[in-house]
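Everything below concerns the one structure shown next.
The values are calculated or read from the model by the stated rules, or taken from the named source; none is laboratory data. Predicted, not measured: the structure shown is a model, and the values here were computed from it. Cβ placement follows ideal geometry from the backbone for every residue including glycine, while neighbour counts extend to all protein chains displayed.
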Amino acid sequence: MPIEWNDGIALGIDVIDQEHMALVSLMNQVSEMLEGSAEFESLAKVIQQLEEYCDLHFAHEEDLMRKANYDGLAAHITSHRRFTTQVNEFSQQFKESAHNVDLQALHFLIEDWLVNHIQKTDRDYLPAVKPYIKAHGPKLAGL
């Protein structure tokens with residue numbers, strides 16, 4: 001079932017929120033495949049974009065947390081690596097046999113990430129990161 005971006009998901013950091021919006025869009029594309037309203041052939045693009053999301057977004061977040069001296073950085077990196085490994089497993093499954101990819105499991109992975117990581121874990125770094133951005137400006141903060 002597709003979800004819409006809303007203020008409850010937003011962290012209030014523009015570039016991070018834009019990247020999170022892209023993840024919501026990817027999850028909605030998987031939802032459309034599950035409902036039969038999108039072509040299964042678009043799965044290759046979704047998986048590729050998920051891999052790119054992991055590379056780009058996690059680098060942005062981790063760099064920002066590092067600059068802000070966020071004390072939960074190591075644990076946060078571990079959770080990023082765990083998600084990246086899971087995305088890579090779906091990518092490998094797709095390369096081996098595209099029609100054997102469990103769309104429901106992929107959808108659950110992304111949805112779980114949105115609910116448990118973005119809406120909970122990411123909020124933990126806000127007290128360190130937001131003052132850093134305010135003090136240094138978005139461009140100097142690397143955003």
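Some points to look at:
- Candidate set: segment 1-29, residues that are in contact (Cβ under 8 Å) with a residue 24 or more places away in the chain and among the small types (Gly, Ala, Ser); chosen: the one nearest to LYS45 (Cα to Cα): ALA22
- Checklist (1) surrounded by fewer than 14 Cβ atoms within 10 Å (Cβ to Cβ); (2) of a type outside the set (Phe, Trp, Tyr); (3) within 29 Å of ASP7 (Cβ to Cβ); (4) in contact (Cβ under 8 Å) with a residue 12 or more places away in the chain applied to LEU126, failing item: (1)
- Odd one out for GLN92 among (1) touching a helix residue (DSSP H, G or I) at 6+ places or on another chain (Cβ under 8 Å); (2) more than 19 Å from LYS130 (Cβ to Cβ): (1)
Table: residues versus (1) of a type in the set (A, V, I, L, M, F, W, C); (2) surrounded by fewer than 18 Cβ atoms within 10 Å (Cβ to Cβ).
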residue	(1), (2)
ASP55	no, yes
ARG81	no, yes
GLN92	no, yes
LEU103	yes, yes
TRP113	yes, no
HIS136	no, yes
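- Just so you know, in segment 32-79 the residues that are touching a His at 6+ places or on another chain (Cβ under 8 Å) and hydrophobic (A, V, I, L, M, F, W, C) include one that is farthest from ILE110 (Cα to Cα), and it is MET65.
- Among residues of segment 95-133 being at pLDDT 90 or above and of a type in the set (Ser, Thr, Tyr), the one that is nearest to MET65 (Cα to Cα) is TYR125.
- Spans of helices (runs of 4 or more DSSP H) in segment 1-113 with at least 2 residues within 16 Å of ARG123 (Cβ to Cβ): 14-35, 43-67, 73-96
Residues are listed down the side, and each one gets a yes or a no for (1) closer than 25 Å to THR85 by Cα; (2) among the hydrophobic types (A, V, I, L, M, F, W, C):
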residue	(1), (2)
TRP5	no, yes
GLY12	no, no
ASP17	yes, no
HIS20	yes, no
LEU34	yes, yes
CYS54	yes, yes
LEU64	yes, yes
ASN69	no, no
